[in-house]
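Here's the structure we're looking at; comments come further down.
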Amino acid sequence: MLFLYNLFVIFASQALKLVAIFSPKIKLFVEGRKVVFPTLEQKIKPSDKTIWFHAASLGEYEQGLPVIEKIKEKFPSHKIVVTFFSPSGYEVRKNNTVADVTVYLPLDTKKNAKEFLTLVNPELVFFIKYEYWLNYLSELKELNTPTYLISGIFRENQMFFKWYGGFYRKALDTFTYFFVQNENSKKLLRQLGKANVAVSGDTRFDRVAAILEKDNSLDFISQFKNNTLTIVVGSSWPKDESLLVDFINSNKYNVKFIIAPHNIKTEQIEHLKNSIATKTVLFSERKEKNLADYDVFIIDTIGILTKIYSYADIAYVGGGFGNPGVHNILEPATYGVPIVIGPNYSHFTEAIALVNLEGCISISNIKELETTLRNLILIEVERDEKGHICETFVQMNKGATTIIMKTISNFELL
């Protein structure tokens, strides 16, 4: 099976080069990996001490950020190396300030794994949430490098728990310790004979809780809001937007809308703007305009949504009409904002919990959206109550980073 896995990785690496000709995203994926080894040779000396964090994409990076910051604080003489698998993570966070080196993770061939680990030579490794690259894990085990999984989550339908997943189960032997999000994940690992497991919870709660300690002010958002009740739409997709545009165009209330689409391609932004009947302004054209005069503000840039949520009275988080489902609801939740999402959220434990607690409301069609938003707009006590549920939920679930750091210190692995 491992032979077939390696054969597939080699085949995929060649196929991606062809796909890159037609896909800008895959081109970033391919081209970005060409400079990984020269970058590592330039930025890491043989005498450097390093700690390596791997994140699949942006969400996993944000999830691991509290641990990265604490590790950097605890071991200031070590260089922090962060790798991404996906362009949607690397391209957004390639200039982050917490890591000393940020690169793509080379594809999981034996040759790449050996060369990468020779150049980085990490004393400690963290994989965030998932991604079990068999050749990298095999090399780490051979090198006897302490390796942790943080904010891990396991489900019965994963290959580890299938009769044919033996070679994948073997990869789990690499990990020194598993820090998982819930009891079910711990139970599943225990069934495989893994005793080195702790339920730490999800480090994302620590990250979003820490947001409150930062300066989240944005003058142009304050000017637009102008003390008016505001609905912030974050990470929206076309299906989300089609429902919301219907509501916006028939809006009978004194309310403003800020829309931060997941995709900010020019043609899609223009389509969205042209579909809205009321006064609408783009972030890219905000200069020399009196933003208070507008009803809808479309954010055609990235990197500021977290701060924008601090101005929300109500939040709609997109992705819930697609697969795998809704985007990050914890960012608006930490500000004490009631949240509305689409119907697809079953893969996200925090969304399930907040829907059950009634701080978050799932809708499936325009009628449900209209009813939900009308109630949240008109009934202040309901808006405040649901917002309080969301804020309390975040505060009650933080602490995963402390558990992880305490366990690492107890084992004295560094």
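The values are calculated or read from the model by the stated rules, or taken from the named source; none is laboratory data. The model shown is predicted, which means the values in this text are computed figures rather than measured ones. No Cβ is skipped: glycine too gets one built from the backbone with ideal geometry, and neighbour counts run over all protein chains shown. Please note that ligands, DNA and RNA were not included when accessible areas were found on the heavy atoms of the full protein model with its side chains. Shrake-Rupley method; radii C 1.70, N 1.55, O 1.52, S 1.80 Å.
Let me know the volume per residue of the alpha-carbon convex hull for the range 356-395, in Å³.
Numbers: hull volume 2.3 nm³, N = 40.
Convex hull of Cα atoms, per residue: 58 Å³.
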Scattering profile of the range 209-322 at q = 0.14, 0.16, 0.22 Å⁻¹ [log10 I(q)/I(0), Debye over alpha-carbon scatterers]: -0.52, -0.69, -1.37
Estimated FRET transfer efficiency when R0 is 60 angstrom, pair Glu73-Glu358 (beta carbons, to 0.05): 0.95
Neighbour count of at most 13 Cβ within 10 Å plus DSSP loop: longest GluC sites (Glu not before Pro)-free window in the chain: 1-155
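Pulled fully out, how much extra length does the chain show between Asn144 and Ala210, if you take 0.36 nm times their separation in residues and subtract their Cα-Cα distance? Kindly include the intermediate steps, with their values, before the conclusion.
Values: separation 66, 0.36 × 66 = 23.76 nm, distance 3.41 nm.
Extending this stretch completely gives an extra 20.4 nm.
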Fully extended contour minus Cα-Cα distance, from Asn196 to Phe37, at 0.36 nm per residue: 53.9 nm
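Filter the trypsin sites (Lys or Arg not before Pro) in the range 207-241 to those in DSSP coil with at most 15 other Cβ atoms within 10 Å of their Cβ, and list the result.
Values: sites: Arg207, Lys214, Lys225, Lys239; in loops: Lys214.
When the trypsin sites (Lys or Arg not before Pro) of the range 207-241 are filtered for loop state and at most 15 Cβ neighbours within 10 Å, Lys214 remain.
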Angle in degrees between helix 134-143 and the longest Cα principal axis of the chain, rounded to the nearest 10: 50
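Which order do you get for His327, His78, His388 if you rank them by accessible area with a 1.4 Å probe, largest at the top? Write out the running numbers ahead of the final one.
On the way: His327 50, His78 20, His388 115 Å².
Per-residue accessible area, sorted high to low, gives His388, His327, His78.
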Residue-normalised accessible area of the chain, given per residue in Å² at a 1.4 Å probe: 47
Reachable lysines, given that their alpha-carbon falls under 23 Å from the alpha-carbon of Lys70 and they are not under 8 places away in the same chain: Lys43, Lys49, Lys79, Lys94, Lys129, Lys214, Lys307, Lys398, Lys406
Cβ-based net charge around Thr280, under 9 Å, with every Lys or Arg adding one and every Asp or Glu removing one: +1
Rounded to 10°, Cα long-axis angle of helix 266-275 versus longest principal axis of the chain: 30
Residue-count net charge about Leu354 - beta-carbon cut-off 12 Å; Lys, Arg +1, Asp, Glu -1: -2
Sites Ser242 and Glu382 - FRET efficiency at Förster radius 25 Å, r taken between beta-carbons, to 0.05: 0.45
Accessible-area composition of the range 217-397, carbon plus sulfur, in percent [1.4 Å probe]: 47
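What is the Cα radius of gyration of the range 217-397 over 2.2 N^0.38 Å, N being its residue count?
Values: Rg = 15.1 Å, N = 181, 2.2 N^0.38 = 15.9 Å.
Compared with the compact-globule rule of thumb, the range 217-397 sits at 0.95.
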Geometric extent, Cα atoms of the chain - Rg, Dmax (angstrom): 22.6, 66
Net charge over other residues, Cβ less than 10 angstrom from the Cβ of Gly32 (K, R count +1; D, E count -1): +2
Stretch gain in nm, segment Thr402-Asp48, where the contour uses 0.36 nm per residue and the Cα spacing is subtracted: 124.8 nm
Distance between modelled label sites at Ile304 and Asn226, nm, 7 Å Cα→Cβ extension: 1.8
Packing rank of 246-256, 296-306, where each peptide gets the mean count of other beta carbons within 10 Å, highest leading: 296-306, 246-256
Max mean-square fluctuation residue, GNM over the chain, Cα-Cα springs under 10 Å, options Ile329, Ile341, Ile379: Ile379
